[in-house]
Structures are given as C-alpha cells and as structure tokens.
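Read through the structure below, which is laid out as structure tokens, and then see the notes.
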Amino acid sequence: MKKEYWFIIIAYIAMQLTSIIGIPIFMLIGHSLGFQGEDLQVKSGAYWIVFSFLVTLFLILFFLRKDIKESFLQRSGKASVFASVLWAIGGVFIAMYAQAFVAMLEKSIGIEPGSENTQRIISLIETVPMVVLVSSIVGPILEEIVFRKIIFGELYKRMNFFFAAIISSVLFGFAHFEPIHILLYTSMGLVFAFLYVRTKRILVPIFAHMAMNTLVVILQIYREDIERYLQNMEQGAHLFIFRFIGGIL
C-alpha cells in the first residue's frame with residue numbers, strides 16, 4: 001500500500017478519536033463567548049464535527065494530489081462520462097432498494113428499523129444546519145476514499161470482488177458504531193464497491209453516496225409531512241417502502 005494511503009487512514013481514524021479533545025476545547029471557546037448549559041455542549045459537538053471533517057478532507061485531498069493528477073490523465077478502462085453519470089444516478093436507487101430489502105430482513109429477525117446514529121445526526125442538523133455539509137457532502141467523500149478507493153481497492157488487488165467488497169463493507173459498517181445494523185451498512189458498501197468497479201471512477205460511488213445521504217436527511221426532517229401526504233393519497237405501498245428506506249446515514 002502507498003504510504004500516502006496509510007496517512008489517509010491514520011487521518012481518518014484520528015478524526016474519529018479527536019472529539020475527546022476537540023469538543024471540550026470548543027466548549028471553552030463557546031463559554032468564553034457567553035454560551036451556557038446543554039446547548040453549549042450540543043453546539044460544540046456539532047461545530048467540532050464540521051471542523052474536524054473539513055480539516056480531514058483537506059488533508060486527504062493533499063495526500064491524494066498525485067492520484068488525482070494521474071486519474072485525470074488516465075482514460076483507459078474507465079466508463080465514459082455519460083455511462084458514469086447514468087451509473088451514479090442509478091446507484092442511488094440500487095442503494096436505496098438494497099437498504100430497503102436488508103431493512104425488511106433485519107425486521108424479520110427482530111431488529112427494528114431506524115438508526116440512532118441517523119437520529120443523532122438529524123438532531124445536530126436541526127440545531128446547527130451547517131452539519132448537513134458533513135452528512136451530505138464531506139462524510140460521503142471521506143468514506144468512499146477510505147473504504148472504497150483505499151481499503152476495497154487494495155484488497156481487490158489481492159482477492160476477488162466478493163471477498164474484497166465484504167471485508168471493506170463490514171469495516172465501513174463498524175465505522176458507524178452501530179453493529180446492530182451491520183447488515184444494512186454492508187449492503188450499502190457492496191453497492192458502492194460495485195459502482196466503483198463497474199466504472200473505475202471513485203466519483204461515481206461518491207455521488208451516489210452523497211445523493212442517498214441527502215435524501216435520507218430530507219426524508220427524516222420532513223418525515224411527518226411526507227407520511228401525512230402519503231396517507232392522504234392512500235399510497236400504503238409507498239409508505240411501507242418509505243419507512244424502510246429513510247433510515248441510515
């Protein structure tokens with residue numbers, strides 16, 4: 001593995017761990033500005049997420065500068081721009097249906113739909129709307145670079161697609177700290193790995209991931225309004241699908 005890839009993985013792990021130090025620092029800054037109580041803690045956590053994710057994104061793009069340059073120069077083996085756009089759009093629906101199918105499978109074995117991680121993110125977005133930049137843009141970029149381009153990409157050089165995709169997708173699932181939904185996250189990882197291999201363009205799973213996360217945010221924030229509308233339209237089947245789709249970031 002390239003040393004730059006190791007630096008990226010270390011930066012990503014450090015981003016996940018530095019909240020232990022970063023949030024108290026932001027709380028001190030907030031306290032000095034006159035913020036108090038629980039609101040201070042919540043906002044400090046939200047702003048730290050935005051800050052740490054943006055810093056990590058800049059670091060990762062710096063480490064990938066050679067790869068980015070080589071990617072623009074390399075044409076062979078890649079899907080055309082038109083085909084890549086179609087796969088990126090289609091990938092959103094593939095990921096959603098995969099998520100819905102696995103959610104029904106989870107429910108059949110006693111796992112209730114819904115995600116604490118997603119609800120926490122939605123709560124942060126409602127408190128500090130800027131967090132949507134992380135959930136819809138920065139987060140998907142980081143995750144696709146780390147779990148698809150690097151981890152899956154390196155494994156795929158040494159083993160077949162199925163095993164490389166499973167291993168990287170399981171790691172992707174555990175990185176969300178919600179092991180009860182490991183099957184759901186793994187299914188998403190498999191779809192994004194397929195999109196990456198099919199097009200040879202990391203931008204394709206990045207776009208699909210960003211679009212899906214954005215859709216989940218919209219569905220969660222406007223959930224009651226959407227459900228009320230669907231009930232009024234007596235679209236029971238669509239309501240059933242919606243309840244399973246709108247769950248995971």
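Remarks
- For GLY45, the conditions (1) part of a helix (DSSP H, G or I); (2) of a type in the set (Gly, Ala, Ser); (3) surrounded by fewer than 19 Cβ atoms within 10 Å (Cβ to Cβ) are fulfilled apart from (3).
- Those residues of the stretch 172-182 which are surrounded by fewer than 19 Cβ atoms within 10 Å (Cβ to Cβ) and either touching a Leu at 6+ places or on another chain (Cβ under 9 Å) or at pLDDT 95 or above (or both), in sequence order: HIS176, GLU178
- Among the residues of the stretch 45-64, those identified as in contact with a Leu (Cβ under 9 Å, 6 or more places away or on another chain) and closer than 18 Å to GLU126 by Cα are GLY45, ALA46, ILE49, VAL50.
- Scan of the stretch 15-38 for residues that are under 30 Å from ARG148 (Cβ atoms) and in contact (Cβ under 8 Å) with a residue 12 or more places away in the chain, ordered by number: MET15, GLN16, THR18, SER19, GLY22, ILE23
- Residue match in the stretch 131-152 (condition: over 25 Å from ILE10 (Cα atoms), in contact (Cβ under 8 Å) with a residue 24 or more places away in the chain and either crowded, with 16+ Cβ neighbours inside 10 Å or not acidic (Asp, Glu) (or both)): no
- Among the residues of the stretch 105-157, those that are among the charged types (D, E, K, R) and not in a helix (DSSP H, G or I) comprise GLU112, LYS157.
- Residue within the stretch 110-122 that is under 15 Å from PRO205 (Cβ atoms), hydrophobic (A, V, I, L, M, F, W, C) and touching a Leu at 6+ places or on another chain (Cβ under 6 Å) present: no
- Matching residues, the stretch 158-174, being in a helix (DSSP H, G or I) and among the hydrophobic types (A, V, I, L, M, F, W, C): PHE161, PHE162, PHE163, ALA164, ALA165, ILE166, ILE167, VAL170, LEU171, PHE172, PHE174
- In the condition set (1) of a type in the set (A, V, I, L, M, F, W, C); (2) farther than 19 Å from PRO140 by Cβ; (3) under 23 Å from the mean Cα position of the chain (by Cα); (4) not assigned by TED's automatic domain parsing to the domain that holds PRO129, PHE101 is compliant with all but (4).
- Among residues of the stretch 54-99 being of a type in the set (Phe, Trp, Tyr) and more than 21 Å from VAL134 (Cβ to Cβ), the one that is surrounded by the most Cβ atoms within 10 Å (Cβ to Cβ) is TRP87.
The values are calculated or read from the model by the stated rules, or taken from the named source; none is laboratory data. As the structure is a prediction and not an experimental result, all values here were calculated from the model. Neighbour counts are summed over all protein chains in view; Cβ atoms, including those assigned to glycine, are modelled from backbone coordinates with ideal geometry.
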